[in-house]
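The values are calculated or read from the model by the stated rules, or taken from the named source; none is laboratory data. These numbers come from a predicted model, not from an experiment. Virtual Cβ from ideal backbone geometry, glycine too; neighbours counted across all protein chains shown.
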Amino acid sequence: MKKLKTIDISAREWFDSVNGNSYFSAYITVNYNKPDEANFYLPFQYGYGEQYVTETKTALIKHGYIPEYRKDCALWRYCQENNIDLRTRLLENCKKASL
């Protein structure tokens with residue numbers, strides 16, 4: 001398992017008023033400003049609210065930062081239990097072209 005010290009999530013949300021759906025994309029940085037810093041991108045996909053946090057956890061499991069058996073644990077709780085700094089930012093009402 002790769003060591004996690006920080007998780008930074010910067011997400012953008014867009015609402016498709018024609019179809020009535022919300023979408024998001026996100027950039028994830030783990031271990032910000034550390035020698036083992038890594039970046040991931042969650043492409044444009046359906047979801048709203050805290051869905052970008054849930055998808056971040058799925059990506060971190062896939063990349064070996066969180067063990068598979070913790071998949072049912074909320075990301076904030078996992079971070080709290082393991083002394084990991086979690087910082088999130090969601091920009092709402094973005095234009096589709098900026099995603």
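Here the stretch 27-40 is the region considered, the condition is being in a loop (DSSP other than H, G, I, E, B) and not basic (Lys, Arg), and the residue that is surrounded by the fewest Cβ atoms within 10 Å (Cβ to Cβ) is Pro35.
Residues in the stretch 41-69 that are outside any loop (DSSP other than H, G, I, E, B) and buried (at least 16 other Cβ atoms within 10 Å of the Cβ): Leu42, Gln51, Tyr52, Val53, Glu55, Thr56, Lys57, Ala59, Leu60. Checked against (1) on the phi < 0 side of the Ramachandran plot; (2) at pLDDT 95 or above; (3) part of a loop (DSSP other than H, G, I, E, B), Thr88 meets all criteria but (3).
Within this structure, Phe24 fails the test of being of a type in the set (Phe, Trp, Tyr), surrounded by fewer than 19 Cβ atoms within 10 Å (Cβ to Cβ) and in contact with a helix residue (DSSP H, G or I) (Cβ under 8 Å, 6 or more places away or on another chain).
For the stretch 1-14, the set of residues classified as among the aromatic types (Phe, Trp, Tyr) and surrounded by fewer than 15 Cβ atoms within 10 Å (Cβ to Cβ) is empty.
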